[in-house]
Amino acid sequence: MQKLPCPDTCRTKAHLRESVLVCGCGGLGGVLINLLARAGVGTLRLVDGGIFVPSNLNRQWFSDTLEISRVKSEVTGARVRVINPLIEVEGFPLSWTRIMRILCQGMDLVIDALDDLLAICSGGNCKRMRVPFIYSAASGWWGRSAPSLRSPFWICHSIYGREEEQDQPDNVMGVLGPAPAVIGGLAAFEAIRLLSGRNPAYADQLLYLDGESGRMDVIYLE
């Protein structure tokens, strides 16, 4: 019989001291927040001014039929406290682009789970505050994630160039549930690596998932 590893070998250094800002409590955010809460992150700062609607039920893990029309950040915060009551949870039902500098203060990591080009580009404060940043997005069958120690502004222009708008938003394409589940899980891996003092596996690279073909590619960003 194969000997199982000691639980100590599976532990990370992500104990009750790290603080993570997660922008978005929907499909991607729900996966990330759930996994980070169970990993024992000390503080989760959750930002989302939206409410749960019926179309969220296929992919947003903190939505259910009882939470329709309720504010996402408030519902998610309450659920996190049940998952791990030792975590300090801060909820902000508003747009993070307006108070980015304030929200980043004291954070060890910032994660974008909104796929909002404008929000990413406005996140240039992360570089000046020396906060690692993870970009993640999902739409249709597809998903992508890019961790970086550089400016989110750099990620923005590396992926989208100088475009000011994104094509085919979620409300046009829709999102299949597995896309944010897979990308959210991979982004959570990167978050735990960073919080544990390790190098991200995909630093300054774009991890691209094509769920339709079953392919996953890594694209080097310049």
Nearest-0.05 FRET efficiency for Ser196 and Leu86, computed from C-beta distance (R0 25 Å): 0.85
Solvent-accessible ranking of Leu32, Leu176, largest area first, probe 1.4 Å: Leu176, Leu32
Where Tyr135, Tyr220, Tyr202 fall by accessible area, highest first, once all protein chains stay in place (1.4 Å): Tyr220, Tyr202, Tyr135
Distance in nm between pseudo-label sites at Asp217 and Val53 (7 Å out along the Cβ direction from Cα): 3.2
List Phe52, Phe92, Phe189, ordered by accessible area with a 1.4 Å probe, largest first: Phe189, Phe92, Phe52
Length added when fully stretched, Arg130-Asp204, from 0.36 nm per residue minus Cα-Cα: 25.1 nm
Rounded to 5, the percent of DSSP beta bridges in the stretch 17-98 classed as antiparallel: 10
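The values are calculated or read from the model by the stated rules, or taken from the named source; none is laboratory data. Quantities reported herein were computed from a predicted structural model and do not represent experimental measurements. Cβ atoms come from the backbone with ideal geometry, glycine included; neighbour counts cover every protein chain shown. The accessibility values were calculated without ligands, DNA or RNA, using every heavy atom of the protein model including side chains. Shrake-Rupley method; radii C 1.70, N 1.55, O 1.52, S 1.80 Å.
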